[in-house]
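K.L.:
Dropping the structure in here first, questions after.
Here, each number is a calculation from the coordinates, and none is a lab measurement. If you're wondering where the values come from, they're calculated on a predicted model, not measured in any experiment. FYI the Cβ positions are ideal-geometry reconstructions off the backbone, even for glycines, and counts take in every protein chain you see.
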Amino acid sequence: TSSPSYLLSFVRSNELFGGFPIQALAPDRAGVRLFDTLAGKDTTPTDTSDVFSGIVRETVSRVDNTLVFLLDFNRPIAKQADIYIYCFGYRKDRPFRDMPKIQVRLGLLKSGLYDQRKKRPFDAIGVTRTPRTIKVVIPLSLLGDPHYIMTSSASYLGEVPLDRPAWYTLSLAP
């Protein structure tokens, strides 16, 4: 059977499941490039061979007690696009269900910060935008001072995804 209650009976409350490769994220060092679809491509504004308008490069770094996400786009972000960043903290000494699960929604008309479905003050994070780049700064305290981070980002035009999000696991251990 594949009912949710049957499948969940195999999951302990203090562990994560999945084959996510773990990448170390040392403080105040060069960031980790999570993905880069532009590696080796000419990305000048006159290049019209690629009409993709979603996230093409994502880098995350740890600066002091924050995570800094840098999302690059190969063309200006559409006014109707919504960008999402998901960050789930994990500590071995706390059940995963008790850890914050942060969702950042960035849109021209509506932006928000949520811990699961609970709205949080948006000014708890820092956001800087240019036409082709978004930088988001998330305090580690907002994530429960985790040892690990599971993260993903995605862009949508209405209900249509503009990219294929993947999940990444980052180790914050010293």
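K.L.:
What number comes out for the charge environment of Val137, summing +1 per Lys or Arg and -1 per Asp or Glu over other residues with Cβ under 13 Å away? Don't jump to the answer; show the numbers that get you there.
P.N.:
Working: positive: Arg62, Arg129, Lys135; negative: Asp64, Asp123.
Net of charged neighbours comes to +1.
K.L.:
Kindly state, as a whole number, the per residue volume in cubic angstrom of the convex hull around the alpha carbon atoms of the stretch 50-112.
P.N.:
Values: hull volume 7.7 nm³, N = 63.
Hull volume normalised by residue count: 122 Å³.
K.L.:
I'd like to compare 77-85, 143-151, 161-169: which one has the highest average count of other Cβ atoms within 10 Å, and what's the full order after that?
P.N.:
Numbers: 77-85: 17.9, 143-151: 20.2, 161-169: 15.6.
Most protected by this proxy first, the peptides run 143-151, 77-85, 161-169.
K.L.:
For the stretch 22-171, just list the percent of Cα-Cα distances falling in each 10 Å bin from zero outward, please.
P.N.:
Distribution as computed: 11, 41, 35, 11, 2, 0 percent.
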